[in-house]
Each structure stands twice: as C-alpha cells, then as structure tokens.
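What follows is a set of notes on a single structure, which appears directly below.
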Amino acid sequence: MKQQANLIGGEWKASDVSRANLNPSNPQEIIGEFADADASQVDLAVQAARQAAPAWARATPQQRFDVLDTIGSEILARKTELGTLLAREEGKILAEAIGEVSRAGMIFKYFAGEAVRIGGLAISSVRAHMDVVVSREAVGVVGLITPWNFPIAIPAWKIAPALACGNAVVFKPAELTPASAWALAEIIHRSGLPAGVFNLVMGDGIAGRALVEHPSVDAISFTGSAATGKLIAQHCATHMKKFQLEMGGKNPLLVLDDADLQVALDCTVNGAFYSTGQRCTASSRTIVTEGIYAQFREALIARTAALQVGAALDPKTQIGPVVDERQLCKNLDYINIGTTEGGSLLAGGKRLSGDGYFFSPAIVENHDPSARLNQEEIFGPITTLIKVKDFEQGMVVANSTPFGLSGGICTTSLKHASQFRREMQAGMVMVNAPTAGVDYHVPFGGSKASSFGPREQGGMAMEFYTKVKTHYLA
Ligand code: ADP
C-alpha cells in the first residue's frame with residue numbers, strides 16, 4: 001500500500017517509517033499507510049511554517065476568508081465520503097461521523113466570517129492630544145496536537161481559527177486516526193493557501209513532543225490526556241510559549257425526582273453511550289435522587305441492554321466499536337476495578353464476539369462518590385449510577401471530582417435548574433440535555449483540571465490565536 005505522506009512547505013514528503021491505520025470494526029482491514037514523522041521532519045515543517053508566517057500574517061482578511069470558506073465548502077460537499085472514512089478509522093457510527101464532518105465544515109465557514117470580523121478597540125487616552133488603539137496580531141507559528149476521538153472536528157476547531165488570525169500551522173494529529181487528518185490536509189493544500197502556511201506531520205507522541213519543544217514554535221494548542229497536557233504545560237511554562245489545553249472529564253448528569261423520565265433516560269443513554277462513550281463530555285456519572293431512583297434504574301438497565309453494538313457502517317448499529325485493543329482492555333479493567341471496590345455491574349461491561357473491538361455499554365452502581373469509578377476518567381461506554389437523598393446532596397456529589405468539563409441536570413424545577421447552572425463547577429452546563437453534544441459557534445471548554453488557557457471555538461477562540469498590541473498616536 002502506498003504511503004500517504006506528510007505535508008511540509010507545500011510538498012508531500014514521504015517518511016522512512018510508515019504506520020498502518022486499522023479499522024476498529026474489523027482490524028484485519030488496513031485503511032492506509034501513513035508517514036510517521038521523526039524530529040527532523042517536524043523541524044522541516046516548523047521551519048517552513050516560520051518562513052511562511054510573516055506573509056500570511058499580512059494577508060488580507062478577505063484572502064483568509066476565501067481560503068477558509070473554500071475549505072469549508074469542500075468538506076460539506078464531501079461529508080458522506082469523509083464521514084465514511086472517519087467511521088472506518090475511528091469506529092463511530094456513520095450518522096455520527098457524517099455529523100462530525102458537517103461540524104468541521106461549518107467550523108471553517110464560521111471562522112471564514114471571523115477572519116473579516118477581527119476587531120480592536122479605540123479608546124480615549126488620559127493624556128491630551130493622544131489617541132489609543134488596541135489591535136490584535138497573529139501569534140506566529142502554532143503547533144496543534146489532537147486526539148483520536150474527533151479526528152476531523154477537533155483539528156478543524158484549532159486549524160480554522162489559527163489560520164483566520166493569520167498564523168502558520170504545524171498540525172500533529174493522533175496516531176490512531178491519520179486518515180481523516182490527511183484528507184483534511186489534502187483539502188487545505190488545494191484551497192489557495194500559500195505553501196508552508198499549513199503543514200501536516202503525522203506520528204505519535206515523539207513527533208508531538210518534537211513539535212512542543214521546537215524553539216521556533218510560538219504557541220501550542222493541545223487536546224488529549226491530562227498526563228500529556230501536564231508535560232506540555234511544564235515545557236511551555238519554562239520556555240514562555242503560549243499554550244492551551246483541553247483534557248479529561250468525569251461529567252455528571254443529575255436526575256431529580258421531578259424529571260421527565262423519558263427525557264432523563266434519553267439524556268443518559270445519549271450522553272453516556274453514544275460515540276461509544278469516547279467523548280470528553282460523555283456522562284460518566286449518573287446521579288439520581290431517591291424518589292425516582294428505582295424506576296429510573298430499572299428503565300435505564302432495559303434501555304442499555306437493548307442498544308445495538310456492532311460495526312460502524314452497519315445501519316442497525318447504535319454503538320460502534322471501541323477505538324482499539326488498548327482502550328477495550330482499559331474498559332474491561334475498569335469494570336473489574338468497579339466490582340472489586342464494591343460496585344454492582346447492572347448491565348453490559350463485556351467484550352462481545354466478532355472481529356472488532358466490541359464492548360457492551362455498561363452501568364456500574366456505586367453510591368460512594370469517592371470510589372475510583374466515580375473519580376477517574378475511563379473514556380468508554382460506562383456510566384456509574386449513584387443514589388443521593390436530594391438535590392443538595394446531588395450537587396455536592398456532582399462537584400466532587402477534580403474535573404469540570406460539562407455537567408447536566410434533568411428536572412422540571414426552574415429553581416433547581418437555575419441553582420445547578422450557578423453552582424456546577426464546569427465550563428459547560430446542560431439543562432434537560434445530554435452532557436455531550438455542543439454547538440459549533442460558542443465557547444467550548446472546562447474548568448478545574450479539565451482545561452487550561454483561553455476557550456476554544458466561537459468568537460472567544462480568537463483570544464488564543466492572537467496577541468494584543470496597544471498603539472499611542474500623538
Ligand atoms: P490519548 O490517551 O487520547 O491517546 P494522549 O495525550 O496520549 O491521549 O494523546 C493526545 C495527542 O497527544 C496525540 O496526538 C498524541 O500523539 C500526542 N502526544 C502524546 N504524547 C505526547 C507528548 N509527550 N508531547 C506532545 N504530544 C504528545
């Protein structure tokens with residue numbers, strides 16, 4: 001199989017080493033062979049970006065708009081083909097994969113608009129005969145490092161604002177999902193963007209680390225594990241690089257006695273299990289007040305057991321495979337930890353037969369909020385079920401982890417919904433909606449250990465990708 005190469009300085013550059021990309025629905029199927037960048041290729045990519053950066057920073061907003069709009073249009077026009085590729089390499093079902101591709105297209109369209117809206121501030125000086133203007137400029141060369149769970153949307157929500165603000169980009173996608181990244185790079189390559197403004201270096205953490213540590217990189221935007229985020233933070237702090245981190249979650253969904261039962265069940269099943277639970281905003285703790293608990297528990301077990309697990313492209317499938325063997329083993333380990341520490345397995349939690357990495361969505365009941373299963377991110381289709389006395393106790397439990405990405409409540413009480421929105425220590429709060437599933441044009445991010453730095457997506461994304469200059473005019 002021919003190697004799909006890295007994009008460096010506007011040219012496709014093969015690498016000595018290739019990495020095969022496997023289909024998690026059927027690991028016998030090789031989707032492609034992708035170049036594996038070493039530190040020297042990363043260096044070439046950063047140099048190319050450095051050279052291209054000044055001219056792109058001076059490009060007119062209209063030029064940037066045109067490029068981003070062209071990219072967005074092509075992604076949208078090819079959403080079924082790109083969605084099929086994404087479902088094959090990542091394992092989410094086709095409808096979700098096409099949805100993700102559409103989101104990526106809309107993000108490019110949105111940031112095309114932002115490119116012509118970059119504003120500043122004219123403000124009166126405290127001195128006589130002086131004017132003050134505050135403007136925003138490109139940061140320079142930005143390194144973008146992304147995870148495998150949204151292989152086109154997360155790259156889009158970093159690349160689009162970076163280019164809109166006039167930065168040059170070196171993009172390092174996750175090693176498990178290079179096909180969507182490569183397809184996106186190929187579209188960007190033909191968009192009219194000057195050579196070197198956008199560079200793709202595929203590879204694993206070695207390439208990621210080389211990018212983070214390269215002295216010519218001005219800023220790093222990262223989405224991935226807390227452990228890698230910490231390493232990146234340490235390096236960037238020492239070397240005075242701007243950085244932004246999106247990491248884990250342990251997102252609670254609080255179901256109160258007065259909730260609409262069907263709404264609460266829909267939110268739980270969607271939030272906990274869709275996209276195979278592999279969303280950082282997935283509901284991994286379902287906290288339920290005692291009046292509705294027995295009824296909710298029984299209905300949730302039935303709904304969970306009825307979910308169809310199977311190949312991502314099979315139209316009957318509701319829950320696709322886990323992304324790889326390692327993640328499947330992690331899920332099984334956590335089921336074991338959950339029962340060993342006193343939890344009851346109420347549904348699923350088994351490896352299913354078939355060629356792919358199929359795992360049945362699981363519910364583990366454990367009312368102790370300090371249990372490991374109620375504290376640690378698993379990143380699989382597993383939710384815990386926790387019974388609480390009332391809203392007040394539920395609120396305490398909801399806030400009792402180090403994470404703070406997303407939190408949801410199902411209730412018909414305006415009072416409790418309002419109090420939850422105020423008191424939930426999270427970057428995103430949902431009322432009668434799943435903890436996962438967000439709009440593309442508004443800020444995304446968390447608090448506590450989930451995120452660090454300015455928000456991503458929406459107008460606030462421009463904060464990270466620009467630097468501020470204050471002008472005094474006498
Ligand atoms: P996950 O558990 O989701 O794979 P990682 O944090 O390991 O989380 O991976 C997220 C992204 O970070 C991937 O693109 C991966 O290759 C990259 N990465 C892993 N280790 C490092 C590192 N030390 N420095 C920079 N990037 C890294």
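Computed values, structure above
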{"read-out": "Top-ranked residue in region 197-245 [being crowded, with 24+ Cβ neighbours inside 10 Å and away from the ligand (no atom under 13 Å from the Cβ); ranked as farthest from Pro54 (Cα to Cα)]", "value": "Gln244"}
{"read-out": "Residue count for region 144-155, restricted to those that are within 9 Å of the ligand (Cβ to nearest atom) and either more than 10 Å from Thr223 (Cβ to Cβ) or hydrophobic (A, V, I, L, M, F, W, C) (or both)", "value": "2"}
{"read-out": "Every residue from region 284-313 that is touching a residue at least 60 places away in the same chain (Cβ under 8 Å) and open to solvent by 30 Å² or more (accessible area, probe 1.4 Å)", "value": "Glu290, Arg297, Ile301, Ala311, Leu313"}
{"read-out": "Cβ-Cβ under 7 Å pairs, at least 6 apart or on other chains, region 198-216 side under 22 Å from Ser180 (Cβ atoms) and part of a loop (DSSP other than H, G, I, E, B), far side acidic (Asp, Glu) and within 8 Å of the ligand (Cβ to nearest atom)", "value": "Gly203/Glu175; Asp204/Glu175"}
{"read-out": "Test: residue in region 353-360 that is small (Gly, Ala, Ser) and touching a Lys or Arg at 6+ places or on another chain (Cβ under 9 Å)", "value": "yes"}
{"read-out": "Residue check for Gly271: out of contact with any helix residue (DSSP H, G or I) (no Cβ under 8 Å at 6 or more places or on another chain), within 16 Å of the ligand (Cβ to nearest atom) and open to solvent by less than 10 Å² (accessible area, probe 1.4 Å)", "value": "no"}
{"read-out": "Filter result for the condition that a residue is open to solvent by 60 Å² or more (accessible area, probe 1.4 Å), under 25 Å from Gly446 (Cβ atoms) and either within 16 Å of the ligand (Cβ to nearest atom) or not in a helix (DSSP H, G or I) (or both), over Asp368, Asp355", "value": "Asp368"}
{"read-out": "Any hit, region 146-153, residues being in a helix (DSSP H, G or I) and among the hydrophobic types (A, V, I, L, M, F, W, C)", "value": "yes"}
{"read-out": "Helices (runs of 4 or more DSSP H) contained in region 377-474 and holding at least 3 residues surrounded by fewer than 16 Cβ atoms within 10 Å (Cβ to Cβ)", "value": "414-423"}
{"read-out": "First in region 3-21 and more than 18 Å from Gly192 (Cβ to Cβ), second anywhere and hydroxyl-bearing (Ser, Thr, Tyr) and open to solvent by less than 70 Å² (accessible area, probe 1.4 Å), Cβ under 8 Å, 6 or more apart", "value": "Gln3/Ser15; Gln3/Ser18; Ala5/Ser15; Asn6/Ser15; Asn21/Thr177"}
{"read-out": "Residue ID - farthest from the chain's Cα centre (by Cα), chosen from residues in region 156-179 that are part of a helix (DSSP H, G or I) and over 20 Å from Gln457 (Cα atoms)", "value": "Ala179"}
{"read-out": "Qualifying residue in region 175-184 (condition: touching a residue at least 40 places away in the same chain (Cβ under 8 Å), open to solvent by 30 Å² or more (accessible area, probe 1.4 Å) and within 8 Å of the ligand (Cβ to nearest atom))", "value": "yes"}
{"read-out": "Close pairs (8 angstrom Cβ cut-off, 6 or more residues apart or separate chains): closer than 17 Å to Leu22 by Cα in region 349-362, open to solvent by 20 Å² or more (accessible area, probe 1.4 Å) and basic (Lys, Arg) anywhere", "value": "Phe358/Arg351"}
{"read-out": "Any pair with Cβ under 6 angstrom, 6 or more apart, that starts in region 144-160 at a residue that is open to solvent by less than 10 Å² (accessible area, probe 1.4 Å) and at pLDDT 95 or above and ends at one that is more than 10 Å from the ligand (Cβ to nearest atom) and of a type in the set (Gly, Ala, Ser)", "value": "Leu144/Ser221; Pro151/Ser180; Ile152/Ala104; Ile152/Ser180; Ala153/Ala104; Ala156/Ala104; Lys158/Ser221"}
{"read-out": "Selection status of Gly427, in contact (Cβ under 8 Å) with a residue 12 or more places away in the chain and touching a Ser or Thr at 6+ places or on another chain (Cβ under 6 Å)", "value": "yes"}
{"read-out": "Given (1) over 20 Å from Gln308 (Cα atoms); (2) over 18 Å from the mean Cα position of the chain (by Cα); (3) not charged (D, E, K, R), index of the condition Thr84 fails", "value": "(1)"}
{"read-out": "So Ile123, is it β-branched (Val, Ile, Thr), touching a strand residue (DSSP E or B) at 6+ places or on another chain (Cβ under 7 Å), away from the ligand (no atom under 16 Å from the Cβ) and free of Cβ contacts under 8 Å to residues at least 40 places away in the same chain", "value": "yes"}
{"read-out": "Filtered residue count, region 315-360, keeping only those that are under 23 Å from the mean Cα position of the chain (by Cα) and over 22 Å from Leu94 (Cβ atoms)", "value": "6"}
{"read-out": "Pairs, first closer than 19 Å to Glu290 by Cα and among the polar types (S, T, N, Q) in region 405-421, second in a loop (DSSP other than H, G, I, E, B) and open to solvent by 10 Å² or more (accessible area, probe 1.4 Å), C-beta under 8 Å, six or more apart", "value": "Thr411/Asp258; Thr411/Ala259; Thr411/Asn432; Thr412/Asp258; Thr412/Ala259; Thr412/Asp260; Ser413/Asp258"}
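The values are calculated or read from the model by the stated rules, or taken from the named source; none is laboratory data. Not measured: the values here are computed from a predicted model. Note that we place each Cβ from the backbone using ideal geometry, even for glycine, and neighbour counts take in every protein chain shown. Heads up: the accessible areas ignore ligands, DNA and RNA and are worked out on the full protein's heavy atoms, side chains in. Shrake-Rupley method; radii C 1.70, N 1.55, O 1.52, S 1.80 Å.
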